[in-house]
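Heads up: the structure comes next, in structure tokens.
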Amino acid sequence: YMGELSMGIFIEAGDLPGGFGGACQLLFLLIAFGYILRIGCVLISEGAELLLLVPSCAGLVGSVILPVLGAVPDGAIVLFSGLGNNAQEELVIGVGALAGSTVMLLTIPWGLSIIAGRVNIIDKKPVYSRPAGHPKNWQKLHPPNNLSLFGTGVSTRPSVVKNAKIMIVTILSYIVIQGPAFYYLSHDNSDSAVAKHEKNWAIAGLVFSFTAFAFYLILEFFHNTHSEQTESLVAEVSTRAIQEGQMSLAGTMLTVLESHESDAASMKALQQRLRVVLRPFFSKYDLDGNGSLNLQEIRAVFKDLGESPSSDFELIFKRVDADNNGSIEFHEFVEGVAEYLLANQHKLRSHHERENGVELAHANWSAPQEQIPLPAREASATVQEEGNEDDEDDTEVPDDISKMPIEKQQRAIKIRAGWMLALGTALVLLFSDPMVSVFAEIGVRTSIPAFYISFVLAPLASNFSEVLASYNFALKKTEKTVSVSFVQLEGAAIMNNTFCLGIFLALIAFRDLEWKFSAETISILSIELIMFLYANKSVHTVFDAIVVLCLYPASLGLVFGLE
């Protein structure tokens with residue numbers, strides 16, 4: 001029904017005329033459907049990320065909802081490829097989308113993340129923190145465009161290895177169906193007979209796929225709700241929400257403030273989140289790169305954050321200016337912001353209850369009447385030691401910063417996220433089926449197998465947001481953000497091995513279709529095994545990035561050679 005509805009908007013690909021005119025119309029449909037699917041995927045991704053700013057949803061969204069919704073576009077293409085009247089012929093398009101997505105995500109963004117996140121390697125270790133005795137304007141990558149094959153690279157954390165092990169376990173779903181398929185294809189040439197023999201194995205693979213899918217989500221929820229991946233995602237979304245005028249600084253910090261306790265660990269957690277969120281705003285005005293701002297520059301930072309300094313503004317920063325030199329270094333700025341948020345969160349809530357929805361200048365930067373005995377100095381020392389690791393790009397910030405109370409901001413975020421998710425999902429479901437038809441028609445007209453067309457083109461629409469997100473994380477040039485980038489890519493491969501493959505096996509089992517995708521399966525498994533070995537490396541050089549990037553065309557060549 002969704003396919004018929006979409007074809008009421010655009011002409012059926014198979015009904016287009018031949019010749020140059022028909023080719024132009026087919027190209028238009030390809031661009032139109034691809035663009036709409038890309039919009040749908042971006043809406044789903046950004047809508048889910050907005051829910052990270054809602055305290056009650058953050059853990060669930062980061063560990064469960066984001067991975068599932070990220071797999072919806074590929075799952076939809078796989079599903080609709082096996083629902084038409086020519087399901088056995090068009091199923092190859094679903095295989096192409098599944099293989100193209102898995103291989104592309106594990107190669108191109110992985111390699112680009114290494115290049116984007118590279119720093120200088122000294123004594124076989126990437127250097128992220130400023131060595132003792134080096135000037136404050138020390139750079140992680142010098143010279144700035146250094147592309148040394150073995151002298152620059154990234155390092156990763158254990159979370160990358162852990163996710164790689166899960167990825168390898170989930171490839172058993174392919175083996176469950178591919179092993180019997182080899183046997184039956186060699187003993188019976190009848191498609192219907194092979195499909196009949198494979199049905200039970202497809203059901204077994206389906207059960208394993210969705211069992212692994214459920215296990216992975218449960219594992220993510222209970223072990224990664226407060227993982228570095230979720231924390232990094234929340235910080236990234238918080239920064240963007242402030243920059244786009246969707247929330248205030250106080251509103252984005254609500255998740256941490258509500259769980260805060262008066263101890264050094266809680267203060268450290270708050271300052272770590274603030275350090276990531278505030279860095280681009282601070283760096284925007286640190287024009288000389290000396291790592292400090294004067295009070296006038298800090299006033300400008302507050303304006304970008306949507307906060308309004310009051311007459312008591314200077315008292316906070318005289319207190320946190322430990323060396324009394326009149327300049328506020330970044331760790332001192334973070335300390336002052338943390339103390340302010342903790343001192344004023346109850347004031348903001350009580351004011352909102354009195355006004356019951358009336359807008360207010362929610363972040364009036366007045367100093368607390370007395371200095372709260374917080375373990376700020378102890379936590380700040382740790383933050384200062386780690387402070388050199390993060391170095392993010394500056395971003396222009398719009399002037400129309402929201403002045404809503406925190407509770408109203410939360411409601412607005414939920415509403416916005418809701419309609420983005422609904423609209424994005426509707427677009428993906430509506431236009432996946434006609435996109436499958438366009439891929440099939442392109443294959444007919446060009447005599448290029450539809451698998452290759454789907455392999456190359458489908459991920460451009462369905463996985464664009466994942467590629468962009470991983471690249472942007474890596475640009476920050478920290479071990480943590482590079483690791484988050486790799487973990488996200490591995491997570492996407494795991495979802496393809498479970499959720500998307502499960503849909504595929506359901507089509508094989510319940511539509512009596514034949515699994516005859518041995519070359520494609522071998523290509524997918526080969527790439528995942530190679531990337532498993534790479535994931536176990538603690539240091540990835542630019543040379544490794546080039547090798548990984550070459551795996552993408554190599555996987556296509558492998559399929560072509562095997563066929």
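The values are calculated or read from the model by the stated rules, or taken from the named source; none is laboratory data. What you are looking at is a predicted structure, and each value in this text was computed from that prediction instead of being measured. In this analysis, Cβ positions are derived from the backbone assuming ideal geometry, glycine residues included, and neighbour counts consider all displayed protein chains. Only protein heavy atoms, including side chains, enter the accessible area calculation; ligands, DNA and RNA are left aside. Shrake-Rupley method; radii C 1.70, N 1.55, O 1.52, S 1.80 Å.
For (1) under 20 Å from Val78 (Cα atoms); (2) at pLDDT below 90, each residue gets a yes or a no:
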| position | (1), (2) |
| --- | --- |
| Phe431 | yes, yes |
| Val456 | yes, no |
| Ala461 | yes, yes |
| Ser470 | no, yes |
| Ile494 | yes, no |
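For region 491-500, check the following and say yes or no: at least one residue is of a type in the set (Phe, Trp, Tyr), assigned to a helix (DSSP H, G or I), open to solvent by 10 Å² or more (accessible area, probe 1.4 Å) and closer than 21 Å to Arg38 by Cα. Yes, some residue in region 491-500 is of a type in the set (Phe, Trp, Tyr), assigned to a helix (DSSP H, G or I), open to solvent by 10 Å² or more (accessible area, probe 1.4 Å) and closer than 21 Å to Arg38 by Cα.
Can you find a residue in region 128-148 that is among the aromatic types (Phe, Trp, Tyr), in contact with a Pro (Cβ under 8 Å, 6 or more places away or on another chain) and part of a loop (DSSP other than H, G, I, E, B)? Yes - at least one qualifying residue is present in region 128-148. Note on region 149-161: among residues that are in a loop (DSSP other than H, G, I, E, B) and under 24 Å from Tyr552 (Cβ atoms), the one that is least open to solvent (accessible area, probe 1.4 Å) is Thr156.
In region 15-32, the condition of being open to solvent by less than 40 Å² (accessible area, probe 1.4 Å), at pLDDT 75 or above and touching a Pro at 6+ places or on another chain (Cβ under 9 Å) is met by at least one residue. If I filter region 539-559 for residues that are in contact with an Asp or Glu (Cβ under 9 Å, 6 or more places away or on another chain) and open to solvent by 10 Å² or more (accessible area, probe 1.4 Å), do I get at least one hit? Checking region 539-559: not a single residue is in contact with an Asp or Glu (Cβ under 9 Å, 6 or more places away or on another chain) and open to solvent by 10 Å² or more (accessible area, probe 1.4 Å). In region 129-148, the qualifying residues are those that are open to solvent by less than 50 Å² (accessible area, probe 1.4 Å) and hydrophobic (A, V, I, L, M, F, W, C), and the one that is nearest to Glu479 (Cα to Cα) is Leu141. Taking region 471-490 on its own, how many of its residues are open to solvent by less than 10 Å² (accessible area, probe 1.4 Å) and among the acidic types (Asp, Glu)? So the count comes out to 1. Could you go through region 431-442 and let me know if any residue there is over 14 Å from Val92 (Cβ atoms) and either free of Cβ contacts under 8 Å to residues at least 60 places away in the same chain or not in a helix (DSSP H, G or I) (or both). No, the conditions are met nowhere in region 431-442. Among the residues making up region 501-545, those that are aliphatic (A, V, I, L, M) and not in a helix (DSSP H, G or I) are Leu513, Val539.
Somewhere in region 249-262, is a residue outside any helix (DSSP H, G or I) and either charged (D, E, K, R) or at pLDDT 70 or above (or both)? Within region 249-262 (the criterion being outside any helix (DSSP H, G or I) and either charged (D, E, K, R) or at pLDDT 70 or above (or both)), the answer is yes, since at least one residue qualifies. Looking at the structure I just gave you, is Leu274 at pLDDT below 80 and open to solvent by less than 20 Å² (accessible area, probe 1.4 Å)? No; evaluated as a whole, the condition is false for this residue. The set of residues in region 193-209 being open to solvent by less than 60 Å² (accessible area, probe 1.4 Å) and either free of Cβ contacts under 8 Å to residues at least 40 places away in the same chain or of a type in the set (Gly, Ala, Ser) (or both) consists of Ala193, Ala195, Ala202, Ala204, Gly205, Ser209. Residues in region 193-206 that are among the small types (Gly, Ala, Ser) and closer than 16 Å to Phe517 by Cα were compared, and the one that is modelled with the lowest pLDDT is Ala195. Number of residues in region 78-94 that are closer than 10 Å to Cys500 by Cα and either out of contact with any Leu (no Cβ under 7 Å at 6 or more places or on another chain) or open to solvent by 10 Å² or more (accessible area, probe 1.4 Å) (or both) equals 2. Residues considered: Val487, Val559, Val548, Val482. Of these, the only one that is in contact with a helix residue (DSSP H, G or I) (Cβ under 7 Å, 6 or more places away or on another chain), modelled with pLDDT of 90 or more, assigned to a helix (DSSP H, G or I) and farther than 24 Å from Val92 by Cα is Val548. Would a scan of region 112-120 turn up a residue that is touching a residue at least 40 places away in the same chain (Cβ under 8 Å), in a helix (DSSP H, G or I), of a type in the set (Ser, Thr, Tyr) and open to solvent by less than 20 Å² (accessible area, probe 1.4 Å)? There is at least one residue in region 112-120 that is touching a residue at least 40 places away in the same chain (Cβ under 8 Å), in a helix (DSSP H, G or I), of a type in the set (Ser, Thr, Tyr) and open to solvent by less than 20 Å² (accessible area, probe 1.4 Å).
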